[in-house]
Amino acid sequence: MTRVVVKPLPVLYACQGCPEFGQIAREVGALLDRGGVAEMVWLGASPDLKPMRRFPIFALDGCDKACALRWLEAHGTAAERSYVLADRSPGAAQRAAQRIAAELGRPG
């Protein structure tokens, strides 16, 4: 008999981005979403957006202002994990997505 272990797909809330820091959180979130590592929700998608009541929930921010984390907290939702992306060098989004996927034990 084959044993199947099902892990819930994390919901990753990516900050909207800004002129100062760009949209690296959205880029990383999209890579993780396409790779089947997490389901990305971009906070710039809709002003009426509300957090899903499904876990695990992660925040992904492009700077230390932590807009995604603060947005979740303002909506009464705690993030299980929070990531702040400081690297903006070429290839940074791909490297960050790979690190997060590896940390979660999910190939991405």
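The values are calculated or read from the model by the stated rules, or taken from the named source; none is laboratory data. Remember, predicted model here, so these are calculated numbers, not experimental data. Cβ placement follows ideal geometry from the backbone for every residue including glycine, while neighbour counts extend to all protein chains displayed. For accessibility, only protein heavy atoms count, side chains too; no ligands or nucleic acids. Shrake-Rupley method; radii C 1.70, N 1.55, O 1.52, S 1.80 Å.
Evaluate segment 61-82: report whether one residue or more is under 14 Å from the mean Cα position of the chain (by Cα) and more than 24 Å from P47 (Cβ to Cβ).
yes
Looking only at segment 85-102, which residues are open to solvent by less than 80 Å² (accessible area, probe 1.4 Å) and either under 26 Å from P51 (Cβ atoms) or basic (K, R) (or both)?
Scanning segment 85-102 gives L85, A93, A96, A97, I100, A101, A102.
Could we say that R53 is farther than 20 Å from T77 by Cβ, open to solvent by 90 Å² or more (accessible area, probe 1.4 Å) and either part of a strand (DSSP E or B) or basic (K, R) (or both) here?
For R53, the condition - farther than 20 Å from T77 by Cβ, open to solvent by 90 Å² or more (accessible area, probe 1.4 Å) and either part of a strand (DSSP E or B) or basic (K, R) (or both) - is not met.
For segment 1-49, which positions are open to solvent by 30 Å² or more (accessible area, probe 1.4 Å) and in a helix (DSSP H, G or I)?
R26, E27, L31, D33, R34
Which of the residues spanning segment 66-80 are surrounded by fewer than 17 Cβ atoms within 10 Å (Cβ to Cβ), free of Cβ contacts under 8 Å to residues at least 40 places away in the same chain and out of contact with any helix residue (DSSP H, G or I) (no Cβ under 8 Å at 6 or more places or on another chain)?
Matches in segment 66-80: R70, E73, A74, H75, G76.
Tally up the residues in segment 30-50 that are within 16 Å of L72 (Cα to Cα) and either of a type in the set (D, E, K, R) or touching a Phe, Trp or Tyr at 6+ places or on another chain (Cβ under 7 Å) (or both), please.
Qualifying residue count, segment 30-50: 5.
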